[in-house]
Amino acid sequence: MRRIYERGNAMKNIVLISQLSICVMVPTFLCLAIGLWLDGKFGTYFTIPLLIIGIAAGARNAYVLAMNSIKQDEQAKKHKQDKEIAEKVEKYNETHK
């Protein structure tokens with residue numbers, strides 16, 4: 001049973017890392033592409049500011065995703081602890097009737 005849990009936890013971590021990388025790369029490359037297109041079309045210098053905005057947006061996305069994952073893990077752990085406590089209390093009450 002423990003191996004299945006560890007494998008599931010490892011897979012969850014791999015998925016989280018993949019999601020984090022996608023959340024950072026997409027806005028970065030999208031802003032870079034828009035900046036390069038604008039520079040080529042109008043002869044401006046939008047690439048660097050848009051790249052910085054894309055990196056900032058990606059960092060914010062990664063932070064939100066990581067915090068949501070941590071909150072879900074904490075809630076699952078608390079739910080498991082509450083369930084174990086309820087089972088122990090029920091067992092105690094049955095033995096002391």
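Data overview
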{"read-out": "Pairs where the first residue, in region 68-81, is at negative phi and the second is surrounded by 10 or more Cβ atoms within 10 Å (Cβ to Cβ), C-beta under 7 Å, 6+ apart", "value": "69/16"}
{"read-out": "Residue count, region 44-73 (criterion: surrounded by 14 or more Cβ atoms within 10 Å (Cβ to Cβ), more than 30 Å from residue 9 (Cα to Cα) and of a type in the set (Val, Ile, Thr))", "value": "2"}
{"read-out": "Breaking point among (1) among the hydroxyl-bearing types (Ser, Thr, Tyr); (2) at pLDDT 95 or above; (3) not in a helix (DSSP H, G or I), for residue 44", "value": "(2)"}
{"read-out": "Residues of region 59-79 satisfying the condition of being among the basic types (Lys, Arg) and modelled with pLDDT under 95", "value": "77"}
{"read-out": "Checking residue 9 against (1) surrounded by 10 or more Cβ atoms within 10 Å (Cβ to Cβ); (2) over 16 Å from the mean Cα position of the chain (by Cα), the condition it does not meet", "value": "(2)"}
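Residues checked against (1) charged (D, E, K, R); (2) surrounded by 14 or more Cβ atoms within 10 Å (Cβ to Cβ):
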site: 39; (1), (2): yes, yes
site: 42; (1), (2): no, no
site: 75; (1), (2): no, no
site: 84; (1), (2): yes, no
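The values are calculated or read from the model by the stated rules, or taken from the named source; none is laboratory data. What you see is a predicted model, and the numbers here were worked out from it, not measured in a lab. Don't worry about glycine lacking a Cβ; one is built from the backbone with ideal geometry, like all the others, and counts go over all protein chains shown.
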